[in-house]
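Following: one structure in structure tokens, then a few remarks.
The values are calculated or read from the model by the stated rules, or taken from the named source; none is laboratory data. Keep in mind that this is a model prediction, so the values were computed, not measured. As a convention, Cβ positions derive from the backbone with ideal geometry for all residues, glycine included, and neighbour counts pool all protein chains shown.
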Amino acid sequence: MFRTPAAAYDRHIGRYGSALARALIAAAGVAPGQRALDVGCGPGALTTELAALLGAAGVAAADPSDVFAAACRERNRDVEVVVAPGEALPFPDASFDAALAQLVVNFMTDPAAGVGEMARVTRPGGVVGAAVWDYAGEMTLLRRFWDAAVALDPAAAGRDENRMPYCSPEELGGLWSAAGLSGVAVAPVVVAASYEDLDDLWQPLEVGVGPSGAYVLALTADRRAALKDELRRRLDVGDGPFELSARAWVVTGRVA
């Protein structure tokens, strides 16, 4: 799911990345003069926003996908970008003022261990923060996609991203509190993305980006066409440009 070309990711979920990154940075209170880590950096939307604020020397990034890490490194040439999972960060204790993870927590093999690692590499008093989609509610693209998929194939419910364990304020807050972080807060953030037409939205799915793309990639041509038509109906879009909103939950907490 995450070894696809970075450009395909950019056209899929990456459309929302920069705006969401700025909201996450603001929620975490990251400020010039600090040093921050982007955990699960992907092609680098959050890394780029952090570097614009802190300078490249004030940012490091990690991702388990060598393809995405290479793309992030190419886009942020003076930032230290390493290939590593969030559960095993190759940085010393208390190395950063903030450790942030954008749209990553639910894809960690062991989210509790990943948040623990983020806390370990953050200095006392520093901030650990993350953003995850509101998969079950107001992340319009993914919610409408999976509703369409399940309507045509009830078995698709087993792949719906709303089954992920940390996509509500209660679940996220509990994960952060269990990691020993203090002052835990969870708040909604709404961002938006523009599309030229439905094909502009659909084409990255056929490359296999993320769980939704992986599902599309496994379908036969006729089932793909049916799903595309059902998605169009549920989005209620025509042949021209349109915009979709997407709600995320942003969680923050401080290292004791």
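Some values worked out for this structure:
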item: Every residue from the stretch 65-89 that is free of Cβ contacts under 8 Å to residues at least 60 places away in the same chain and under 16 Å from Gly114 (Cβ atoms); result: Val82, Val83, Ala84, Pro85, Gly86, Glu87, Ala88, Leu89
item: Check on Arg143, basic (Lys, Arg), crowded, with 16+ Cβ neighbours inside 10 Å and under 19 Å from Val190 (Cβ atoms); result: yes
item: Residue that is nearest to the chain's Cα centre (by Cα) [pool: residues in the stretch 216-246 that are closer than 20 Å to Glu161 by Cα and either assigned to a loop (DSSP other than H, G, I, E, B) or of a type in the set (Val, Ile, Thr) (or both)]; result: Val216
item: Among the residues listed as Leu219, Leu205, the single one being under 30 Å from Pro111 (Cβ atoms), in contact with a Gly (Cβ under 9 Å, 6 or more places away or on another chain) and not acidic (Asp, Glu); result: Leu205
item: All positions within the stretch 11-60 that are out of contact with any Leu (no Cβ under 8 Å at 6 or more places or on another chain) and in contact (Cβ under 8 Å) with a residue 40 or more places away in the chain; result: Arg11, Arg15, Tyr16, Ala19, Ala23, Ala27, Gly29, Cys41
item: Of all residues making up the stretch 24-56, the number that are surrounded by fewer than 20 Cβ atoms within 10 Å (Cβ to Cβ) and either in a helix (DSSP H, G or I) or among the hydrophobic types (A, V, I, L, M, F, W, C) (or both); result: 5
item: Failed condition for Ala148, given (1) buried (at least 18 other Cβ atoms within 10 Å of the Cβ); (2) over 19 Å from Ala26 (Cα atoms); (3) within 17 Å of the chain's Cα centre (by Cα); result: (3)
item: Which listed residue is within 28 Å of Ala26 (Cα to Cα) and touching a Pro at 6+ places or on another chain (Cβ under 6 Å), from Val127, Val190, Val132, Val186; result: Val186
item: Val184 in contact with a helix residue (DSSP H, G or I) (Cβ under 8 Å, 6 or more places away or on another chain), touching a residue at least 60 places away in the same chain (Cβ under 8 Å) and not in a helix (DSSP H, G or I); result: yes
item: Of all residues in the stretch 57-96 being more than 18 Å from the chain's Cα centre (by Cα) and of a type in the set (Asp, Glu), the one that is surrounded by the most Cβ atoms within 10 Å (Cβ to Cβ); result: Glu80
item: Residues of the stretch 192-204 satisfying the condition of being at pLDDT 95 or above, crowded, with 18+ Cβ neighbours inside 10 Å and either over 20 Å from the mean Cα position of the chain (by Cα) or within 18 Å of Pro43 (Cα to Cα) (or both); result: Ala193, Leu198
item: Checking Asp160 against (1) without any contact (Cβ under 8 Å) to a residue 40 or more places away in the chain; (2) over 19 Å from the mean Cα position of the chain (by Cα), the condition it does not meet; result: (2)
item: Test result for Ala99, hydrophobic (A, V, I, L, M, F, W, C), buried (at least 20 other Cβ atoms within 10 Å of the Cβ) and over 21 Å from Tyr135 (Cβ atoms); result: yes
item: Residue satisfying all of: in the stretch 98-113; touching a strand residue (DSSP E or B) at 6+ places or on another chain (Cβ under 7 Å) and part of a helix (DSSP H, G or I); nearest to Leu24 (Cα to Cα) among these; result: Val105
item: Positions within the stretch 99-133 being charged (D, E, K, R) and farther than 14 Å from Arg35 by Cα, in sequence order; result: Asp110, Glu117, Arg120
